[in-house]
Structures are given as structure tokens and as C-alpha cells.
Amino acid sequence: MKIHKEIYGTGEVIILLHGWAMHTGIWRDFAQLLAKNYQVICLDLPAHGRSAHIDKFELEDISIALLQEFPKTPCAVLGWSLGVTIALDLINRFPARVKGLVLMAGNPCFVNQPDWAGMQLSVLHKFAQNLILDCQNTLLRFLSLQVLGAQNYKTLVKGLKTAVQEVATPTTEILEQGLVLLETADLRVALIHLKCPVIAILGARDTLIPVAIGEQMQVLQPKMAVHVLKKSGHIPFLSHQDEVLTVLTNFMESIHVS
């Protein structure tokens with residue numbers, strides 16, 4: 001399967017996996033900043049962006065397709081939103097290929113459970129319905145709200161609009177399958193058994209991922225550090241680039257030493 005990728009910089013490799021209905025364009029500005037010190041590989045998920053279509057948007061098929069674009073030596077992986085779910089599944093299946101994991105604005109069990117402070121299912125359904133009816137405008141409205149209050153808000157929104165409109169959105173079928181994946185995937189056991197270093201980056205103002213999830217993830221994986229950005233929403237890599245870059249640089253240096 002053809003997986004589209006964009007590569008920036010040289011050095012230690014960090015792979016970026018985007019969220020639901022998006023593509024590598026959402027990373028571009030941030031990836032180029034991160035690439036001043038590392039080689040950054042941005043991958044379009046199957047059936048997203050410029051990657052080839054996939055009949056069934058399921059975790060096993062997604063992970064196998066993405067793995068073909070990984071370097072032969074272990075690398076770091078950063079997942080954002082749905083990308084967190086995929087990153088956890090990938091490392092659970094192929095632990096030898098990942099040397100460090102960053103969970104950004106996501107968690108191993110996306111929706112609320114009796115013992116888990118995930119997203120309310122009704123909220124996810126409402127967002128999904130709007131997305132399927134009018135994907136590009138819904139995405140743009142949502143992403144714009146997540147950077148509201150940032151000093152460079154107008155510039156960010158302009159860049160977001162360009163990214164959202166850069167390629168055709170995934171098919172309705174793929175969007176719906178992605179929703180089912182978010183509803184049903186539970187990778188908490190994978191987080192418990194994780195052997196490589198892992199950190200989480202959460203936004204205190206994230207309307208999708210409750211910040212309380214950070215403490216619950218630490219109960220499952222006590223060695224995981226959780227970084228909460230007090231004024232950030234769901235896309236901290238755009239709204240709070242300097243803070244995120246500092247966290248990532250420290251993390252990459254730590255796994256390089258180890």
C-alpha cells in the first residue's frame with residue numbers, strides 16, 4: 001500500500017501520526033521547526049490525505065501499512081488525537097521498532113467508561129455527525145476554536161484553512177469507520193505493558209480529551225510523565241509550539257542517552 005510521507009531534517013527520527021480526518025499538512029509548520037534538530041517523518045494514515053485507500057480502516061491493517069515507512073532502526077513516535085490510538089496499537093504489535101512514545105491530546109481509551117474519564121460518547125457522535133455532513137468546514141471551525149486566544153490566532157487560522165483544504169477529505173465510509181475505531185479501541189493494557197519511555201502532552205482547555213485522563217494514565221503506567229499545558233486546547237503543537245518543542249527536545253535527548 002502506498003503511504004504518503006513528508007520528511008524534514010536529519011538526525012534522530014521521530015514519526016508524526018495525525019488525527020481523524022486530517023493529513024500531514026496539519027503538521028507542516030511544526031514539523032519544520034522540530035526538524036532543526038531531528039529527522040521528522042509525517043505519515044498520512046491509510047485513506048487520508050495522499051495515501052492509498054484501504055477497504056477496512058482497522059487498527060491491524062493501519063499499523064502494518066504504516067510500519068513499512070518506518071526506519072529499520074527503532075525510532076520515536078508521536079501520535080496526536082486518533083494518532084495516539086494508532087501509535088499505541090503499532091507499538092503493541094511491533095515493540096522492537098519504537099524507542100520512545102509521545103501521546104498528544106489522546107489516550108488509550110477515547111470514550112468515557114465507568115472507570116475512565118474519556119470523552120462523552122454523545123459529544124463524539126455530535127462532532128462526528130457534523131464532520132460527515134460537512135467535513136472541511138466542521139474541521140476548520142473546530143480547529144480554529146482550539147487555537148482561540150493564541151497571539152498569532154489569525155495566522156494560525158489561515159494556515160489551518162490551507163491545510164484543511166489542501167486535499168480531499170476521507171470518504172464518508174472511512175470517517176464512519178474511524179469513529180467506530182475511536183468508540184471501540186481500548187489499549188489500556190498496551191499502555192500498562194509498554195516497555196519504552198513514554199510521555200503525554202495534554203491541553204487543559206481541550207474540549208475532547210479531559211485533562212483528568214493524565215492521572216489515570218499514570219496509574220496504568222507510573223513511569224510516564226504527563227505535561228499539561230494550561231492554556232492549550234486540542235492542538236498544542238500549533239497553539240503552543242515553543243512549549244511543545246521544549247518538552248519534545250527534552251524527551252528526545254533522554255531516549256537518546258538511554
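The values are calculated or read from the model by the stated rules, or taken from the named source; none is laboratory data. Just so you know, these numbers come straight off a predicted model, no measurement behind them. Reconstructed Cβ throughout: ideal geometry from the backbone, glycine too, with neighbour counts over all protein chains shown.
When 185, 163, 204, 150 are screened for being small (Gly, Ala, Ser), modelled with pLDDT of 90 or more and out of contact with any Pro (no Cβ under 9 Å at 6 or more places or on another chain), only 204 passes. Taking the listed residues 215, 243, 253, the one that is surrounded by fewer than 20 Cβ atoms within 10 Å (Cβ to Cβ) and either within 24 Å of residue 144 (Cα to Cα) or of a type in the set (Lys, Arg) (or both) is 243, with no other qualifying. Taking the criterion of being closer than 20 Å to residue 81 by Cα and in contact with a strand residue (DSSP E or B) (Cβ under 9 Å, 6 or more places away or on another chain), the residues of region 33-48 that qualify are 34, 40, 41, 42, 43, 44, 45. There is no residue in region 41-57 that is in a loop (DSSP other than H, G, I, E, B), closer than 25 Å to residue 246 by Cβ and out of contact with any His (no Cβ under 8 Å at 6 or more places or on another chain). With respect to being buried (at least 24 other Cβ atoms within 10 Å of the Cβ), in contact with a His (Cβ under 6 Å, 6 or more places away or on another chain) and among the hydrophobic types (A, V, I, L, M, F, W, C), residue 87 falls outside the description. When we screen 21, 47, 35, 105 for residues that are of a type outside the set (S, T, N, Q) and more than 19 Å from residue 139 (Cα to Cα), the only hit is 35. Return yes when residue 115 is buried (at least 18 other Cβ atoms within 10 Å of the Cβ) and of a type in the set (D, E, K, R) and no when it is not. Considered against the rule, which asks whether it is buried (at least 18 other Cβ atoms within 10 Å of the Cβ) and of a type in the set (D, E, K, R), residue 115 comes out as no. Among the residues that make up region 173-180, is at least one of them among the aliphatic types (A, V, I, L, M), crowded, with 19+ Cβ neighbours inside 10 Å and closer than 26 Å to residue 14 by Cα? No, because not a single residue in region 173-180 is among the aliphatic types (A, V, I, L, M), crowded, with 19+ Cβ neighbours inside 10 Å and closer than 26 Å to residue 14 by Cα. Taking residues in region 118-139 that are farther than 17 Å from residue 168 by Cα and surrounded by fewer than 15 Cβ atoms within 10 Å (Cβ to Cβ), and partners anywhere that are of a type in the set (A, V, I, L, M) and modelled with pLDDT of 85 or more, the pairs with Cβ atoms closer than 7 Å and at least 6 places apart or on different chains are 121/111. Filtering region 103-127 to residues that are out of contact with any Gly (no Cβ under 7 Å at 6 or more places or on another chain) and assigned to a strand (DSSP E or B) leaves 113, 116, 119. The number of residues in region 213-251 that are outside any loop (DSSP other than H, G, I, E, B), within 15 Å of residue 80 (Cα to Cα) and among the small types (Gly, Ala, Ser) comes to 2. Number of residues in region 85-137 that are acidic (Asp, Glu) and either within 30 Å of residue 161 (Cβ to Cβ) or at pLDDT 95 or above (or both): the value is 2.
Residues in region 14-47 that are more than 26 Å from residue 251 (Cβ to Cβ) and either touching a Leu at 6+ places or on another chain (Cβ under 7 Å) or buried (at least 24 other Cβ atoms within 10 Å of the Cβ) (or both): 21, 46. Restricting the first member to region 86-114 and to residues that are over 13 Å from residue 191 (Cα atoms), and the second to residues that are surrounded by fewer than 17 Cβ atoms within 10 Å (Cβ to Cβ) and among the polar types (S, T, N, Q), the beta-carbon pairs closer than 6 Å and six or more apart or on different chains are 112/120.
Name the pairs whose Cβ atoms lie under 7 Å apart, with the first residue in region 160-184 and over 14 Å from residue 129 (Cα atoms), the second small (Gly, Ala, Ser) and surrounded by fewer than 21 Cβ atoms within 10 Å (Cβ to Cβ), and 6 or more positions between them or separate chains? Correct list of pairs: 160/144.
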